[in-house]
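The values are calculated or read from the model by the stated rules, or taken from the named source; none is laboratory data. Quick caveat, the model's predicted, so the values are computed rather than measured. Because the Cβ atoms are built from the backbone with ideal geometry, glycine has one as well, and the counts that use them run over all protein chains shown. Just the protein is used for accessible areas: all its heavy atoms, side chains included, with ligands, DNA and RNA removed. Shrake-Rupley method; radii C 1.70, N 1.55, O 1.52, S 1.80 Å.
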Amino acid sequence: MANTEITNLFHKVIKYPLITEKVITEIESKNKVSFIVEKNASKSLINHAISNYFDVEILSINTSNTSKGLKKAIVTFKKTEQATEVAVTLGVI
């Protein structure tokens, strides 16, 4: 996939990273980053968008709906420190 296609897919699927005190703790201790994603995005589409955009390996993705009606994806990365790298790239930490 070309870089512009990867970038477009990422921005179409991922709305923004979720930034809370709990999320920052999970980045550092559990190798997880949370995102708010499009309501109709599947786990495989989220995986594809994030893994290609950041060139990382994903171990698992858990999704849930928030009380505000948004869809949250909690992404666990395979390799240690990948969550930190992604968070730094996004400007979260």
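Considering only the stretch 2-93, give the helices (runs of 4 or more DSSP H) lying wholly within it that have at least 3 residues that are at pLDDT 95 or above and open to solvent by less than 20 Å² (accessible area, probe 1.4 Å). Filter on the stretch 2-93 gives 43-54, 82-90. Taking first residues from the stretch 1-20 that are within 10 Å of Ile36 (Cα to Cα) and partners that are open to solvent by 60 Å² or more (accessible area, probe 1.4 Å), the Cβ contacts under 6 Å between residues at least 6 apart in sequence or on separate chains come to Val13/Glu38; Val13/Leu45. Scanning the stretch 42-65 for residues that are within 16 Å of Leu18 (Cα to Cα) and either within 9 Å of the chain's Cα centre (by Cα) or in contact (Cβ under 8 Å) with a residue 24 or more places away in the chain (or both) yields a count of 4.
Summed over the stretch 66-93, the residues that are more than 15 Å from Val13 (Cα to Cα), in contact (Cβ under 8 Å) with a residue 12 or more places away in the chain and of a type in the set (Lys, Arg) give a count of 2.
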